[in-house]
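Enquirer: Dumping the structure here so I can ask a few things about it.
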Amino acid sequence: MRKIHLTATAIALVLGMSPATAQQTPAGTGATPIPVPAGPAGGTSGGFSGYVPSAAPGGMSTGGTGATAKVRGDAPAGLATGHENTPERVEGFNGAVEKAFPMTPEMITRYRQIFDETERAVLERPEPTARIDAGFIALEPGEAPPEVMLAPGIASVIGIYDATGQAWPITQFVVGNGDSFEVIQLGEDSNNIAITPLVRMGWSNLVLSLKGEPKPIVMRVGISETAAHYRQDIQVLKPGPNAKVNTAANTETVTEAGSKLLLAALSGVDLPANAKPVVIEGVSARGWLVNDHLFLRSRHALIGPSWLSSMSGPDGIRVYELDPTPVANFSVDGAIVRADVKLP
């Protein structure tokens, strides 16, 4: 019969022992028997083929007959845990961080500073002078169109009024360059529109169609870096659909607007250089003396003396042109109030 000689290492592999343990047991006759792991019933498990990963926590399952053995620790001695910091892994980690975050925190802070400075240099500009003006249109051939100055980032409001100072509704509007200007009507049947430039430079024209008026209003709109109309009131020299009668002194409202001096006194701007302010006491009003004519501006109706011409403006304001006088009477809440006019 053939004899089979097994080395200690071979026996250790069969029994699941480490080679170091097997080498401590002398081979040959009379050696101490190598213990065999016990099976589920307490006996030996034949055909043991070593450990394979187990689904059971903290344990390993055996091959062959399915016998199970427990091993302390995360993994059997000599096996990798998967958490070792090898030079290759450290190099890979550093490479991933370098790729995801190529700049240091200091570099990022400086980058943002440079970006903000560049953005400020490109976009920052001096604030344009704010203007609130008034103008008039006669809707006659050969008339120069009024101009509205716009500025980027500012919405300019254009209001349309008739000769009596009442709102004249806008029914339709068209801007020549819709890519460079945005126009919005402020409410249905409103007499106000807001226009905002979408570019930094350029000009165009604006066409407004008024309720009940066959002739459209044509205006020039231009972008300026020094001044911008926050509001521009345009008064049409005709009575509109909302025209009202002035009951002061039982006279009808003038249906045709007056001169440029009346309009200047009505708006309080663009007065001639020789206009001298007049102090008025006793009633809320303003006055100017221009070319030997007195211009009085107030929300209260002038009762006397009689005036030469007058013009109504937005919000119930009215201006009167009359001969110089030291006293004027106004209607204030139904009562006649005397005002003293301090002529220069």
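The values are calculated or read from the model by the stated rules, or taken from the named source; none is laboratory data. Computed from a predicted model, the values in this text were never measured in an experiment. Ideal geometry is used to build each Cβ from the backbone, glycine not excepted, and the neighbour counts take in all protein chains shown. Accessible surface areas use protein heavy atoms only, side chains included; no ligands, DNA or RNA. Shrake-Rupley method; radii C 1.70, N 1.55, O 1.52, S 1.80 Å.
Enquirer: Of the residues that sit in region 309-344 and are part of a loop (DSSP other than H, G, I, E, B) and closer than 16 Å to Ala264 by Cβ, which one is most open to solvent (accessible area, probe 1.4 Å)?
Expert: Out of the qualifying residues, it is Ile317.
Enquirer: Looking only at region 187-237, how many residues end up being open to solvent by 20 Å² or more (accessible area, probe 1.4 Å), of a type outside the set (Gly, Ala, Ser) and in a strand (DSSP E or B)?
Expert: Final tally of qualifying residues: 10.
Enquirer: Another question, if that's okay. Taking the stated definitions as given, is Ile184 within 22 Å of Ser267 (Cβ to Cβ), aliphatic (A, V, I, L, M) and not in a loop (DSSP other than H, G, I, E, B)?
Expert: no
Enquirer: Can you tell me which residue is modelled with the highest pLDDT among those in region 235-251 that are touching a Leu at 6+ places or on another chain (Cβ under 9 Å) and at negative phi?
Expert: My answer is Pro241.
Enquirer: Just one of Gly165, Gly142, Gly178, Gly135 is closer than 19 Å to Arg220 by Cα and in contact with a helix residue (DSSP H, G or I) (Cβ under 9 Å, 6 or more places away or on another chain); which is it?
Expert: None of the other options fit; the residue is Gly135.
Enquirer: Return the pair list, or none, for Cβ contacts closer than 8 Å from residues in region 288-315 that are farther than 24 Å from Asp233 by Cβ to residues that are of a type in the set (Phe, Trp, Tyr), at least 6 apart or on different chains.
Expert: Once the first residue is farther than 24 Å from Asp233 by Cβ and sits in region 288-315, its partners that are of a type in the set (Phe, Trp, Tyr) give Leu289/Phe295; Ile303/Phe330.
Enquirer: Let me ask something else. How many residues are under 15 Å from Asp270 (Cβ atoms) and not charged (D, E, K, R) if we restrict to region 230-245?
Expert: The total comes to 3.
Enquirer: While we're on this one: For region 148-171, give me the residue count where each residue is buried (at least 16 other Cβ atoms within 10 Å of the Cβ) and not in a loop (DSSP other than H, G, I, E, B).
Expert: 11
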